[in-house]
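Take a look at the structure below.
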Amino acid sequence: MNTMPYLFSAYLAIWIILAIYLYSLWSREKTLREEVERLKERLESRQASADHR
Amino acid sequence: MSRKIRSRFDTVLAIILIPGMALALYMALIQAPRESTMGDLQRIFYFHVAAAIAGMTAFAINFICSIAYIARRNRRWDSLALSAAELGVVYLMIVLITGPIWAKPAWFVWWTWSPRLTLSLVLCLLYISYLLIRNYIEDPEKRALVSAAFGIIAFADTPLVWFSIRWWRDHHPGPMLETGGLAPSMRPAFYVCVAVFQVLMVFLLRRRYCLETMRGDMELLERQSDASR
């Protein structure tokens, strides 16, 4: 029985799972960074307008 | 630890991991001798078992952090517990997918409800539930406490998975290192794969923990924003 396709599939599956997880980490980190920046800006502008008053 | 040192540590881990992964692949697919009965199919074992050990380590970290959270009520323990649980699920997915790929040509079935396989599936479902439960609890302190309690209970399945092949008759191969089932010439490849998967686990755990810390900061900023309205 030729078992090479099974061996190839198993290693391919491992790399696909790890790649998907790494991508999900990267994309979640990117989204969060953007949201933190947006919130910081909103807080700063609110602070500035309060000081102006 | 300062942010700069932490970032340097991550870079060092990443630098170790790139040649480490290449070495692990070389050892598993080329250097290790061909097994006499299973042939090349046995090479799945190196990454399959290494992923299982890394997954168990992640669940053990979750267990320790859950206890630490209940004892100290520090948010950092909860973040680390969550990160470890998520990683454990990723590693267990690798195990649960590569296992049946090996089983089909070896046992002529993709899956059998043997103790080791069933308990591994239950373990995966338990920690998926752990991750899902967190989405349904709004209050961060209550969420952390419920998760910590769930994490401690879920961990009870981990030793059952580990010892199942020793305690019960199982289709799954027995503990190869203890019974001498793994030839000495195959051991270097096995140890390299285990070591690389552990380093990868530490690297991913740190990245995930950073993400969770950032999410906590975000929650804090949102609360500040709401309070200042």
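Quick look at the values:
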{"read-out": "For residues of A:13-21, the mean tally of beta carbons on other chains within 10 Å", "value": "6"}
{"read-out": "Residue with peak Gaussian network fluctuation, chain B [Cα springs, cutoff 10 Å], from B:154, B:58, B:68", "value": "B:68"}
{"read-out": "Shielding score for B:97-107, defined as the mean number of other chain Cβ atoms within 10 Å", "value": "4"}
{"read-out": "Inter-probe distance in nm under a simple model that places probes 7 Å from Cα toward Cβ, at residue A:53 and residue B:142", "value": "3.3 nm"}
{"read-out": "0 to 90° range, to nearest 10: angle between helix B:115-135 axis and chain B longest Cα axis", "value": "20 degrees"}
{"read-out": "Extension reserve of the residue B:40-residue B:171 stretch, reckoned as 0.36 nm per residue once the Cα distance is removed", "value": "45.2 nm"}
{"read-out": "Helix A:4-52 axis, angle to chain A major axis (alpha carbon atoms, nearest 10°)", "value": "0 degrees"}
{"read-out": "Amide H contacts under 5 Å for residue B:39, placed H, 5+ residues apart", "value": "none"}
{"read-out": "Inter-part distance where segment A:22-38 and segment B:1-37 are each reduced to a Cα centre, Å", "value": "26 Å"}
{"read-out": "Three-way shape call for segment B:45-209 based on the alpha-carbon gyration tensor, with the a/c threshold at 1.5", "value": "prolate"}
{"read-out": "Gyration tensor over alpha-carbon atoms, the protein assembly as shown, equivalent ellipsoid semi-axes in Å", "value": "41, 22, 16"}
{"read-out": "Acute angle (nearest 10 degrees) that the helix B:157-167 long axis makes with the longest principal axis of chain B, alpha-carbon atoms", "value": "20 degrees"}
{"read-out": "Tensor-based shape of segment B:1-62 (alpha-carbon gyration tensor, a/c under 1.5 rounded, otherwise prolate or oblate)", "value": "oblate"}
{"read-out": "Virtual spin-label span in nm between residue B:11 and residue B:153, 7 Å along Cα→Cβ", "value": "4.6 nm"}
{"read-out": "Summed side-chain charge close to residue B:28 - residues other than residue B:28 whose Cβ falls under 13 Å, Lys, Arg +1, Asp, Glu -1", "value": "+1"}
{"read-out": "Inter-site label distance for residue B:67 and residue A:20 at 7 Å from Cα along Cβ, in nm", "value": "3.4 nm"}
{"read-out": "Segments B:24-33, A:19-28, B:45-54 sorted - mean Cβ within 10 Å per residue, highest first", "value": "B:45-54, B:24-33, A:19-28"}
{"read-out": "Number of partner chain Cβ atoms within 10 Å, mean per residue of B:208-216", "value": "3"}
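Each value in this text was obtained by applying a stated rule to the coordinates, not by laboratory testing. Fair warning: this is a prediction, and the values are worked out from it, not measured in the lab. All Cβ positions, even for glycine, are placed from backbone atoms using ideal geometry, and neighbour counts span all protein chains on display.
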